[in-house]
Amino acid sequence: MQIELCVASVEALHAAKSLEIDRIELCSNLDQGGLTPSPGFVRSALDLGIETHVLIRPRSGGFIYSESEIELILTEIKEMDKLGVHGIVVGVLSNQLLLNYQVLRQIRDSFSNCITFHRAFDDLVEWQDALEWLQENDYNRVLTSGLSTSIAAGISVLKEMKDLAKGNIEIMAGGGINLSNIHEIIEVAQPDAIHFSATSKQSLDPDSLFSEELLMFDEMKAKKLLAVCRNFR
């Protein structure tokens, strides 16, 4: 079982290196669910020698994009390919909340390395056919909370997904993973990978006029989650 850390800060990035995380999903603006990170942040991750998968998401909200937004997504993917990232993380849906087959084919054709379809999968009106299509079109894994807003409520669906995938596409569990639910997720669903951010709400720069409450990386939480995952390997 692989361990993927969702990294949105320099602190989390360096912790991923020191904790020997299997791979990272690099993003920015974690409080908005994650957005595409800057090229400089991507280069920093690659320079550390970390297996780096980059989130391609131009805005917060849902995953039905305008033509202009799709053009931006495709442009960003080309730039990430030039940088030599190990993978990208994407999700594009149609107006009917199905996979946007045309755009997803364009993405697969334009990027040579690993592609993860992210939690847009949990917004689908049906998922069995979508999982089969992603598998047949060379998508490598799906990040999902089992079609639930919180993964604790989606464990049974996660198990169903893992059974249906039959090892032909990876099922990665993510979305609200914490110390109270990780044991059950691993034991019942037996996902191919676990994805978490190990963050907590903290006050950033409390003495500044621009102080904010943000999701910030908690290294102790990360170590505890890692210990659980590694004991199940």
Within the stretch 10-24, how many residues turn out to be open to solvent by less than 30 Å² (accessible area, probe 1.4 Å) and over 20 Å from V228 (Cα atoms)? 1
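Yes/no per residue for (1) under 20 Å from L55 (Cα atoms); (2) touching a Ser or Thr at 6+ places or on another chain (Cβ under 9 Å):
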{"residue": "K162", "(1), (2)": "no, no"}
{"residue": "I169", "(1), (2)": "yes, no"}
{"residue": "V188", "(1), (2)": "no, yes"}
{"residue": "A198", "(1), (2)": "yes, no"}
{"residue": "E213", "(1), (2)": "no, yes"}
{"residue": "K224", "(1), (2)": "no, no"}
{"residue": "V228", "(1), (2)": "no, no"}
{"residue": "F232", "(1), (2)": "no, no"}
For the stretch 97-152: of the residues being in contact (Cβ under 8 Å) with a residue 40 or more places away in the chain and among the polar types (S, T, N, Q), which is nearest to N178 (Cα to Cα)? T116
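Does any residue of the stretch 199-209 turn out to be in contact (Cβ under 8 Å) with a residue 60 or more places away in the chain and either assigned to a loop (DSSP other than H, G, I, E, B) or open to solvent by less than 40 Å² (accessible area, probe 1.4 Å) (or both)? Quick ask: steps written out before the conclusion?
Narrowing the stretch 199-209 to residues in contact (Cβ under 8 Å) with a residue 60 or more places away in the chain: 199.
Adding the requirement that they be either assigned to a loop (DSSP other than H, G, I, E, B) or open to solvent by less than 40 Å² (accessible area, probe 1.4 Å) (or both) leaves 199.
Yes - at least one qualifying residue is present in the stretch 199-209.
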Any residue at all in the stretch 39-59 that's polar (S, T, N, Q), under 15 Å from H195 (Cβ atoms) and touching a strand residue (DSSP E or B) at 6+ places or on another chain (Cβ under 9 Å)? yes
How many of the residues making up the stretch 28-85 are of a type in the set (S, T, N, Q) and assigned to a helix (DSSP H, G or I)? 4
Considering only residues of the stretch 125-184 that are assigned to a loop (DSSP other than H, G, I, E, B) and open to solvent by 80 Å² or more (accessible area, probe 1.4 Å), which is farthest from Q96 (Cα to Cα)? S180
Answer residue from the stretch 25-48, given it is small (G, A, S) and over 11 Å from the mean Cα position of the chain (by Cα) and is surrounded by the most Cβ atoms within 10 Å (Cβ to Cβ) among those: A45
Do you know which of the residues in the stretch 59-89 that are over 22 Å from N140 (Cβ atoms) and within 17 Å of the chain's Cα centre (by Cα) is most open to solvent (accessible area, probe 1.4 Å)? R59
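The values are calculated or read from the model by the stated rules, or taken from the named source; none is laboratory data. If you're wondering where the values come from, they're calculated on a predicted model, not measured in any experiment. Please note: Cβ atoms are built from the backbone with ideal geometry, for glycine as well, and neighbour counts cover all protein chains shown. Surface areas here come from the heavy atoms of the whole protein model, side chains and all, with no ligands, DNA or RNA. Shrake-Rupley method; radii C 1.70, N 1.55, O 1.52, S 1.80 Å.
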